[in-house]
Amino acid sequence: MKEKSNNLTRRDFIGRTGAVAAGLTILPGNVISGFGHKAPSDKLNIAVVGIGGMGNSNLKAVAPTENIVALCDVDWGYAKKVFEANPNAKRYWDWRKMYEEMGKSIDAVIVATADHSHCIVASNAITMGKHVYVQKPLTHSVYESRLLTKLAAKYKVATQMGNQGSSGEGVNLTVEWLQNGEIGDVKKVESFTDRPIWPQGLNVPKGEWVPDTLNWDLFIGPAKMRPYNSLYTPWNWRGWWDFGTGALGDMACHILHPVFKGLKLKYPIKAQGSSTLLLTDCAPNAQMVRLVYPERVAAKGSKMKLPEVEVIWYDGGLEPPKPAGWPAGKDMNNGGGGVIFHGTKDKLICGCYGRDPWLLSGRVPANVPKTERRVTTTHEMDWVRACKESPESRVPTKSDFSEAGPFNEMVVMGVLAVRLQALNKELEWNGEKMEFTNIGENDSIRIVTEDRFTIVDGDPRFDRKWTDPMNARTFAAEMVKHTYRQGGWTLPEMPA
Ligand SMILES: NC(=O)c1ccc[n+]([C@@H]2O[C@H](COP(=O)([O-])OP(=O)(O)OC[C@H]3O[C@@H](n4cnc5c(N)ncnc54)[C@H](O)[C@@H]3O)[C@@H](O)[C@H]2O)c1
């Protein structure tokens, strides 16, 4: 199963002779998996966790040139076709067992499970020195994003979040146009998606028998146990707060990436959200979020200043108002959403993944310096390339965790703003400390657990069940950093 070249490449040779000269004993890269480097022609041994949906697309992108050595899924019915298509890969239910048994022979892991288990699967791979490709949203909480960012830096592994648009031309062009000052300085951005296209705004369903092919306990993983229902998995976990992140988590990693990158954002300082009926368990049908970022230092050579900027997000089919001069009949939705950058000189509009950028004035930017690296393979294969490079000279992927981690914090901050909307205030955020600074010690919050609206004899009956008042600080802190379920679901320590 394991295929590695025994031939020394020129780079191996230089690396080893350098180490010998320094009086060190260096184990070959194939002994300390993940810490060495490989020749591009050497194959990576890749494990995939969560193969029934997007994981299979990621797998197919790397399988032609790399070894798929292990596959892990909690639903062997849904995953059956992928297991069968990869008969040489060892099959697992539990990624922990897979790491225990095959840890030494795996070089890299692709994670494409439901959002709530991304971090625990990826972080435990990173501390074993494995390179990781993790689907978007990178994690389910701010703390988890910070943890993956710091672990990736500490263990020097190659990383990539699965927002494939970051390897595309749309993001490159949008970033270059902004930095070349094509629209002046940006103080406001509006963005939207037409998602959710899966059910949301639902009461918690009753329990059902778990299918024989599904290990529900392993699907739940670090989350709180609840009775199984077929509404949760596959796919529809997106709309349930314990497992997914609603429309924001699903689409903002694609749509807001050119905003985060192009405007050099890091941590927001203010957040507020509103939505259609907010429930304790299920994401609302439509949401609006406003995040404020402080003034930033412009990149060297950038012709754009970076003043304080507000970023507004709409979902559930809502769109920002069309600005004056919008071409009549032109659909604002391009590939599932879009963005309007309001500049001091012009407006830049792009679709999902930053695609097809254009200026509202109709002017077409010319002679814009091409400062962004172009990916000529695919998002997945660019990560494979990075895995094979030594950490010292590695060219980071287009969604390396040093950027994807802080960016993902933006996305999950939107979720926090919506889930804390009952506080009825603009929340102030200390990004370094991962804390809201204006939630009082004794502030409390109540949220609807169930909406039992009915019509009896033509009479509407409003009947909502609420939680008891909860301490708002404790509730917010739990959403920033989740308490994981007991029984083997632990995260590595946060590096200093
Ligand atoms: N980049 C993109 O364009 C894109 C598109 C779709 C989905 N995604 C992302 O991919 C991830 C998966 O989404 P999906 O649509 O494939 O969902 P899905 O439910 O169709 O597939 C998830 C798979 O993971 C398995 N799984 C769940 N928890 C697991 C665990 N703990 N261990 C092992 N297997 C587990 C499920 O059984 C299922 O086979 C999500 O994070 C999603 O946001 C990205």
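Every number here is computed from the coordinates shown, using simple stated rules; none is lab data. Because the structure is a prediction, the values reported are computed rather than measured. Cβ: placed from backbone, ideal geometry, glycine included. Neighbour counts: every protein chain shown.
Projecting the Cα atoms of 422, 321, 490 onto the charge dipole of the chain, computed from C-beta unit charges around the Cα centre, puts 490 farthest toward the positive end. Taken over region 219-371, lysine pairs spaced eight or more positions apart, or on distinct chains, with alpha carbons under 16 Å apart number 17.
Can you order the peptides 81-88, 360-367, 149-156, 452-459 by their average number of other Cβ atoms within 10 Å per residue, highest first?
Working: 81-88: 13.4, 360-367: 11.2, 149-156: 20.1, 452-459: 7.6.
The peptides rank, most packed first, as 149-156, 81-88, 360-367, 452-459.
Just want the ordering: 491, 59, 231, from fewest to most Cβ atoms lying within 10 Å of their own Cβ. Don't skip to the answer; put the middle values down first.
Details: 491 19, 59 22, 231 16.
So the ranking, lowest neighbour count to highest, is 231, 491, 59.
Listed by chain and number, the aspartates and glutamates whose C-alpha is less than 14 Å from the C-alpha of residue 388, apart from same-chain residues fewer than 8 away, are 12, 42, 66, 107, 380.
Under 5 Å from the amide H of residue 37 lie the amide H atoms of 29, each residue being 5 or more positions distant or on a separate chain, with H modelled from the backbone and absent for Pro and chain starts.
Could you work out the local net charge near residue 56, counting Lys and Arg as +1, Asp and Glu as -1, over the other residues with Cβ closer than 13 Å to its Cβ?
-1
With each label modelled as a point 7 angstrom along the Cα→C-beta vector, the residue 310-residue 459 pair spans 4.4 nm. Does region 402-441 come out rounded, prolate or oblate, given a ≥ b ≥ c as the square roots of the eigenvalues of its C-alpha gyration tensor, rounded meaning a/c under 1.5 and, failing that, prolate meaning a/b above b/c? Oblate, because a/c is 1.5 or more while a/b does not exceed b/c. By definition, a body whose alpha carbon gyration tensor gives a ≥ b ≥ c is oblate when a/c is 1.5 or more and a/b is not larger than b/c, and region 111-225 fits this oblate description.
Quick check: Cα centre of region 109-156 to Cα centre of region 159-205, how many Å? Here the two parts' Cα centres lie 21 Å apart.
So if each residue of separation counts as 0.36 nm, and I subtract the Cα-Cα distance between residue 65 and residue 451, what length gain in nm does that give?
Values: separation 386, 0.36 × 386 = 138.96 nm, distance 5.16 nm.
So the extension gain works out to 133.8 nm.
Can you tell me the order of 309-322, 125-138 when each peptide is scored by its average per-residue count of other Cβ atoms within 10 angstrom, highest first?
Working: 309-322: 19.1, 125-138: 25.5.
Result, highest mean Cβ count within 10 Å first: 125-138, 309-322.
Considering only alpha-carbon pairs that sit under 8 angstrom and 6 or more positions apart, the relative contact order computed for the chain is 19 percent.
Express in nm, to one decimal, how much length is gained between residue 154 and residue 435 on full extension, taking 0.36 nm for each residue of separation and deducting their alpha carbon distance.
Working: separation 281, 0.36 × 281 = 101.16 nm, distance 2.37 nm.
Going from the current span to full extension adds 98.8 nm.
Sorted from longest to shortest, the spans of the Cα atoms of region 405-496 along the three principal axes equal 63, 36, 28 Å. Computed from backbone phi, the HN-Hα couplings of region 165-178 come to x, 5, 8, x, 6, x, 5, 4, 5, 4, 4, 5, 5, 4 Hz, rounded to whole numbers (Karplus: 6.51 cos²θ - 1.76 cosθ + 1.60, θ = phi - 60°; Gly and Pro given as x). Charges were assigned to the Cβ only: +1 to each Lys and Arg, -1 to each Asp and Glu. The resulting dipole of the chain about its Cα centre is roughly 1440 debye. The alpha carbon radius of gyration of the chain, expressed as a multiple of 2.2 N^0.38 Å, is 1.01.
With a simple spin-label model that places each label point 7 Å from the Cα along the Cα-to-Cβ direction, the separation between residue 490 and residue 373 comes to 3.6 nm. Averaging the Cα positions of each part gives two centres, and for region 302-370 and region 420-439 these lie 28 Å apart.
Please state the shape class of region 237-357: rounded when a/c is under 1.5, otherwise prolate if a/b exceeds b/c and oblate if not, all from the C-alpha gyration tensor. Could the numbers behind the result be given before it?
Numbers: a/c = 1.99, a/b = 1.36, b/c = 1.46.
Oblate.
Can you give me the distance in nm between label points at residue 203 and residue 402, each placed 7 Å from the Cα along the Cα-to-Cβ direction? In this crude label model, residue 203 to residue 402 measures out at 5.2 nm.
In region 434-486, which GluC sites (Glu not before Pro) fall in coil by DSSP and have 12 or fewer other Cβ atoms within 10 Å? Mind showing how you got there, number by number?
Working: sites: 435, 441, 450, 478; in loops: 441.
Hits after loop and neighbour filter: 441.
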